[in-house]
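What follows is a single structure, written as structure tokens, with notes after it.
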Amino acid sequence: MNVRELLRKVYMPAVGTFAAGVLLDVVGLTDVWSIPHLDVPESWHLVTLSVGCLTMLGSRRRPMAALAAGTCAFAVDLVIGGSIAFILVMFDLLFAVGRFASPRARAAVTAAVFVLVGTATVVGGLATGRVQIGVFICLQLVSVLFVPLWWAANLRQQQQIGALDAERIAGEAVVAERAAMARDLHDVIAAHLATTAMHSGAALAMPPDTDRDRTALRAVRTSSLAALEEMRSMILLLRADAGDRDPVLPGGLDRLPDLVAAATAGGLRVGVRTADVPGIPVVVAHTVYGIVREALTNAGKHAPGSEVDLDVRRAGGRVTVTVTNTLTTASLDHRSLSAGTGLWSIRERAALLGGELTAGRDGDRWRVHASLPLAAA
């Protein structure tokens, strides 16, 4: 605890209580209890008040010891007539027990308070012969002795609820972060690895041919370098200590021709119809790039050699992306080439921007269509 917190949480309450107690003593709120007491000068109450306020200084570290010392000072204050000022001290000491003492100590003090309140209520009622007096004593003691314990328990419960909420939020953040990492890993790596696997698989499936094999190797190298570059960009984005480097999101509308060239090199026949989309946010352009990449990758995996139509244009305050390809009867040569998460990933990315994405069969073609708002949150 630093000096400022020490002043605010420890010394200021004690000083404030002492100042308020002195004011109450000065206006004559002493000798308030109808019990036999010593006839001493009123200034003696300031002595017991000073002792009580000194015990408050240790109430956070040693709440039970402070309560014991304060109770002794309170007993002395009662012997000389009692004062309203010392009620403030006892209220603070009981509150400190409720906030900072161990559960066992709190339970013991609470039980002692109940016994004291019950005993005083019964004795007061029997001594005066009036039930009203017993009830009045009970209400007074409950307000002085039980309310600070109840208030402290309520604050502890609120803190526990806050801690549980913080733990739940942290857990949800971890789950969301894992989902985001899985999505990013798929977007950055899976498409390029799938392209690499398809090119190498096609080369291995056919008789050796130097020119064709070298073309396949060049395509594999291009895809591998692109994957490395995009992973580097993603790592720089995730790192908080990137320094003066200025990482950018991997992929935008300016890189769509690269995707088309890679798809064409893989055997697809791609027809492109794109229009300029001025002022498109970077995150929207990145999402468009990811959708096109996933759609072309799926076409290459599930319908190699098919005809593909790519259309990207602005429609009002939205940008639309449509990728269609003819269906073929080709099948994948390895189950790892299709993990089943690609469409889920781009559909989730579209939803995060407030857009929507549909994918499915449309006659004799497969159609992927996305509509994204330009003013994405």
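The values are calculated or read from the model by the stated rules, or taken from the named source; none is laboratory data. Not measured: the values here are computed from a predicted model. A quick note on method: Cβ atoms are made from the backbone with ideal geometry, for glycine too, and the neighbour counts reach across all protein chains shown. Surface areas here come from the heavy atoms of the whole protein model, side chains and all, with no ligands, DNA or RNA. Shrake-Rupley method; radii C 1.70, N 1.55, O 1.52, S 1.80 Å.
Yes/no matrix, rows are residues, columns are (1) in contact with a strand residue (DSSP E or B) (Cβ under 9 Å, 6 or more places away or on another chain); (2) surrounded by 15 or more Cβ atoms within 10 Å (Cβ to Cβ); (3) not in a helix (DSSP H, G or I):
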| site | (1), (2), (3) |
| --- | --- |
| ASP77 | yes, yes, no |
| ALA85 | yes, yes, no |
| LEU88 | no, yes, no |
| LEU93 | no, yes, no |
| ALA96 | no, yes, no |
| ALA111 | no, no, no |
| VAL117 | no, yes, no |
| THR121 | no, yes, no |
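Applying the criterion of being within 54 Å of the chain's Cα centre (by Cα) and open to solvent by 90 Å² or more (accessible area, probe 1.4 Å) to the residues of region 123-142, the residue that is modelled with the highest pLDDT is LEU139. The residue of region 280-297 that is surrounded by the most Cβ atoms within 10 Å (Cβ to Cβ), among those that are free of Cβ contacts under 8 Å to residues at least 60 places away in the same chain and either over 23 Å from LEU327 (Cβ atoms) or among the polar types (S, T, N, Q) (or both), is TYR289.
Scanning region 255-279 for residues being open to solvent by 40 Å² or more (accessible area, probe 1.4 Å) and assigned to a helix (DSSP H, G or I) gives a total of 7.
One residue stands out in region 23-38 among those that are assigned to a helix (DSSP H, G or I) and buried (at least 16 other Cβ atoms within 10 Å of the Cβ): the one that is modelled with the lowest pLDDT, namely ASP25. I'm checking my understanding of the structure. Among residues of region 280-305 that are out of contact with any Lys or Arg (no Cβ under 9 Å at 6 or more places or on another chain) and part of a loop (DSSP other than H, G, I, E, B), which one is farthest from THR195 (Cα to Cα)? Residue satisfying both the conditions and the ranking: PRO281.
Does region 326-367 hold any residues that are under 24 Å from HIS286 (Cβ atoms), at pLDDT 70 or above and in a loop (DSSP other than H, G, I, E, B), and which are they? Within region 326-367, LEU353, GLY354, GLY355 meet the criteria. Taken across region 232-250, residues that are under 20 Å from THR195 (Cβ atoms) and at pLDDT 85 or above do not occur at all. On the stretch given as region 348-368, residues that are within 15 Å of THR326 (Cα to Cα) and open to solvent by 30 Å² or more (accessible area, probe 1.4 Å) total 8.
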